[in-house]
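One structure is given below, encoded as structure tokens.
Every read-out reported here was derived from the displayed coordinates using simple, explicitly stated rules and does not represent laboratory data. Note that the structure is predicted; figures quoted are calculated from it, not measured. Counting neighbours? That spans all protein chains shown, and the Cβs are built from the backbone with ideal geometry, glycine included.
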Ligand code: 7TS
């Protein structure tokens, strides 16, 4: 891979106060949020500097330009995940909001007392709490598919929890802790055979692997812009058109209506039915350019690079005494996410000690507490990699990890 670091202002000496630190920063926390390249910042700036008007409502040229940028962004995202039509993409704030949208609309409309919703134990809280809410409101049952801690995968027998009682299966495509990719196509087929819909959390997959929602036969698919180099504050929900058309609105207000009287309202067509109020058009412009930037690098190249680095990292960590990798021990099966513990050093101390070396990783429960409880590992350290990371960075990282116990006072 080329040196993509140069595309990212944060890694350059722009801000004098932070320049030295940013120049040498090893950023291994892309699973929390990716960095933003120049082109994304320029796209957002250009929207506000040259095309700023409230989209979808003005009849003058500037507003029409703003509308075009916003709607073109929708087409770009649709193309990115191979949605059949652009209107199957709803802009939200992030994956969390996308998942909540489905829960509050499809879930509240279609789940009744005694029904079941099936999730996996490796879900991020954003794909558990909305379903807990629906179950609590409706008297339905939330069932968990458990994982094999050694492989980080869901054993086939767990899929038997999907039955005719199941109304919704909500599962992540890639775990933000284990890095595992779940067999979405297979789970979707089981869900459909049992008359359920499948909601796929794509927050960690869309940045790293080629997603084709039609090939997966996903009914809903959630993603966040900020995890794939776009701005924070915008994400998307894909939904099959027929499902979206039959769902009630999520939020009510401006621009999501067809007609309003004193006593009621009728709704705008999909997707605008789900986009109440002034939309985040500047963010949408940045999101679209981020997608195009990722496409220009090529997802196949990104997947390959992430795997290469993850293998180097996993193999290196295996050679350091007292270090354990959580989940699958093959770097090829981790989508660039490597989670580990060091005997006697709390993950928060790992992150703090590495921060002193100008390395950014995340430590803690990673918003997946039920998984930590199930595996009996409540906290871990996590290095998450992307195309702008390099083999040299992994080498430095491994040398520092090898020192963690010494820095913590152990004499081994
Ligand atoms: N689903 C998964 C699998 C995630 O990893 C995250 C964020 C979300 C949903 C929520 O995304 P958001 O954009 O709505 O916040 N995961 C992480 C993480 O692993 N560290 O920080 C955020």
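Principal-axis analysis of the Cα atoms of the chain puts helix 38-50 at an angle of about 30° to the longest axis. Note on 21, 41, 313, 56: ascending count of other Cβ atoms within 10 Å places them as 21, 41, 56, 313, the fewest first.
So what is the relative contact order for region 304-412, in percent, with contacts set as C-alpha pairs under 8 Å and at least six apart? Relative contact order for region 304-412 comes out at 29 percent.
Under a GNM of the chain (C-alpha, springs under 10 Å), which listed residue has the highest mean-square fluctuation: 283, 115, 219? Maximum fluctuation in the GNM of the chain, among the listed residues, is at 115.
With both labels modelled 7 Å from their Cα along Cα-to-Cβ, the residue 330 to residue 137 distance reads 4.2 nm.
With neighbour counts taken as other beta-carbon atoms within 10 Å, the residues 384, 205 rank, fewest first, as 205, 384. Packing, as the average of other Cβ atoms within 10 Å across residues, places the peptides 116-127, 71-82 in the order 116-127, 71-82, highest first.
When the Gaussian network model of the chain links Cα atoms closer than 10 Å, the mean-square fluctuations of 48, 293, 60 top out at 60. Here, region 195-265 is characterised by an Rg to Rh ratio of 1.08, where Rg is the alpha-carbon radius of gyration and Rh the Kirkwood radius.
Across the chain, the volume of the C-alpha convex hull divided among the residues equals 144 Å³ per residue. Based on C-alpha pairs under 8 angstrom that are at least 6 apart in sequence, region 41-295 has a relative contact order of 24 percent.
Rounded, prolate or oblate: which fits region 50-117, taking a ≥ b ≥ c as square roots of the Cα gyration tensor eigenvalues, rounded meaning a/c under 1.5, else prolate when a/b beats b/c? Note, shape of region 50-117 comes out prolate.
Using the alpha carbons alone, the radius of gyration of region 225-357 stands to its Kirkwood radius in an Rg to Rh ratio of 1.18. From the square roots a ≥ b ≥ c of the eigenvalues of the alpha-carbon gyration tensor of region 4-125, which class results: rounded (a/c under 1.5), prolate (a/b over b/c), or oblate? Cα axes put region 4-125 in the oblate bin. Helix 299-318 and the longest principal axis of the C-alpha atoms of the chain enclose an angle of approximately 30°. Panel values: region 124-184, Kirkwood radius from alpha carbon pairs, Stokes-Einstein at 37 °C and 0.692 mPa s, translational diffusion coefficient 258 µm²/s. With R₀ set to 35 Å, the beta-carbon distance separating residue 348 from residue 258 gives a calculated FRET efficiency near 0.10.
According to the square roots a ≥ b ≥ c of the eigenvalues of the Cα gyration tensor, what is the shape class of region 247-303, taking rounded for a/c under 1.5, prolate for a/b larger than b/c otherwise, and oblate for the remainder? The shape class here is prolate. Note on residue 12 and residue 185: the model spin-label points, each 7 Å out from Cα along the C-beta direction, lie 4.2 nm apart. Bridge orientation summary for region 41-295: considering DSSP beta bridges with both residues in this region, about 45 percent are antiparallel. Per residue, the average separation of C-alpha pairs within less than 8 Å and at least 6 apart gives region 45-189 a relative contact order of 17 percent. Extension gain for the segment residue 62 to residue 160, taken as residue separation times 0.36 nm less the Cα-Cα distance, is 29.8 nm to one decimal.
Counting neighbouring Cβ atoms within 10 Å and putting the fewest first, the residues 104, 259 line up as 259, 104. For the chain, adding -39500 (n - 2.57) for each run of n ≥ 4 DSSP H residues and dividing by the number of residues yields -10500 deg cm²/dmol at 222 nm. Within region 373-412, which residues have the backbone N less than 19 Å from the label spot 7 Å out from residue 125 along Cα→beta-carbon, could you tell me? Once the point is set 7 Å along Cα→Cβ of residue 125, 373-382 turn out to lie under 19 Å by backbone N, inside region 373-412. Note on residue 3 and residue 373: with the Förster distance fixed at 41 Å, the Cβ-Cβ geometry gives a FRET efficiency of about 0.50.
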